[in-house]
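The values are calculated or read from the model by the stated rules, or taken from the named source; none is laboratory data. As the structure is a computational prediction, the values presented were derived from the model and not from experiment. Reconstructed Cβ throughout: ideal geometry from the backbone, glycine too, with neighbour counts over all protein chains shown. Surface areas here come from the heavy atoms of the whole protein model, side chains and all, with no ligands, DNA or RNA. Shrake-Rupley method; radii C 1.70, N 1.55, O 1.52, S 1.80 Å.
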Amino acid sequence: MPQVQLPIFPAGTTLITRELAFERREGRVVYFHGHLPVFTHGVEDLASFRLFTSQLIINGTATQGQIERAFGVPLTTIKRGVKKYREGGAKAFFAPAPKRQGHRLTPERLRQAQALLEQGESVPAIGAQLGVLATTRHKALEAGRLRRPKKRAGR
């Protein structure tokens, strides 16, 4: 998994463009247009940083190169943020990451596994028959995609 490179916010005012600057104050980052503050976010608030810098680029207020130089953020990260903003708008930066679906337990394999569970087969035996790892089956059980049959009284 790639490591997140945080932007660098030095103390004091730093120019982004001739008209735009930022300053780190008491755990916050304040952006100025001229002498007027226009936006602020917490130093650790990566989503707000990406949102605002993407807006600056899309609106033509700053270039990707100026953002890269001012904050020390890789150009690919900046481009990803701009793409995210264009495709999903501001809410895309604050939406939780989509949950990934596995490709091993297809709907057909889920039906087969559920039928085997209901016949009383053990989870390891089902995995051997279907060629699916134990962790994959257990995740499906925990997520509710597979259900363990209820034990009958007297067994």
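Computed values, structure above
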item	result
Residues (of a type in the set (Asp, Glu) and open to solvent by 60 Å² or more (accessible area, probe 1.4 Å)) located in region 35-45	44
Any chance residue 150 is surrounded by fewer than 12 Cβ atoms within 10 Å (Cβ to Cβ) and in a loop (DSSP other than H, G, I, E, B)	yes
Region 15-31: number of residues that are touching a Pro at 6+ places or on another chain (Cβ under 9 Å) and among the aliphatic types (A, V, I, L, M)	2
Matching residues, region 28-45, being in contact (Cβ under 8 Å) with a residue 12 or more places away in the chain, more than 24 Å from the chain's Cα centre (by Cα) and outside any strand (DSSP E or B)	34
Matching residues, region 57-73, being out of contact with any helix residue (DSSP H, G or I) (no Cβ under 7 Å at 6 or more places or on another chain) and in a helix (DSSP H, G or I)	65, 66, 69, 70, 71
Which listed residue, of 32, 52, is modelled with pLDDT under 95 and either charged (D, E, K, R) or open to solvent by less than 40 Å² (accessible area, probe 1.4 Å) (or both)	32
Selection within region 15-34 - within 16 Å of residue 71 (Cβ to Cβ) and in contact with a Leu (Cβ under 8 Å, 6 or more places away or on another chain)	16, 20, 21, 31, 32
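This table checks each residue for (1) assigned to a strand (DSSP E or B); (2) modelled with pLDDT of 95 or more; (3) surrounded by fewer than 12 Cβ atoms within 10 Å (Cβ to Cβ); (4) out of contact with any Phe, Trp or Tyr (no Cβ under 7 Å at 6 or more places or on another chain).
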{"site": "3", "(1), (2), (3), (4)": "no, no, yes, yes"}
{"site": "7", "(1), (2), (3), (4)": "no, no, no, no"}
{"site": "21", "(1), (2), (3), (4)": "yes, no, no, no"}
{"site": "47", "(1), (2), (3), (4)": "no, yes, no, no"}
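Yes or no, residue by residue, for (1) modelled with pLDDT of 85 or more; (2) on the phi < 0 side of the Ramachandran plot; (3) in contact with a Leu (Cβ under 7 Å, 6 or more places away or on another chain); (4) not hydrophobic (A, V, I, L, M, F, W, C):
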| residue | (1), (2), (3), (4) |
| --- | --- |
| 62 | yes, yes, yes, no |
| 80 | yes, yes, no, yes |
| 97 | no, yes, no, no |
| 114 | yes, yes, yes, yes |
| 124 | no, yes, no, yes |
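Yes or no, residue by residue, for (1) free of Cβ contacts under 8 Å to residues at least 60 places away in the same chain; (2) among the basic types (Lys, Arg); (3) open to solvent by 90 Å² or more (accessible area, probe 1.4 Å):
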| site | (1), (2), (3) |
| --- | --- |
| 69 | yes, yes, yes |
| 76 | yes, no, no |
| 82 | yes, no, no |
| 99 | yes, yes, yes |
| 103 | yes, no, yes |
| 125 | yes, no, no |
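Residue by residue, here is whether (1) within 30 Å of residue 50 (Cβ to Cβ); (2) open to solvent by 80 Å² or more (accessible area, probe 1.4 Å); (3) outside any loop (DSSP other than H, G, I, E, B) holds:
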{"position": "96", "(1), (2), (3)": "yes, yes, no"}
{"position": "111", "(1), (2), (3)": "no, yes, yes"}
{"position": "120", "(1), (2), (3)": "no, no, no"}
{"position": "129", "(1), (2), (3)": "no, yes, yes"}
{"position": "132", "(1), (2), (3)": "no, no, no"}
{"position": "136", "(1), (2), (3)": "no, no, yes"}
{"position": "139", "(1), (2), (3)": "no, yes, yes"}
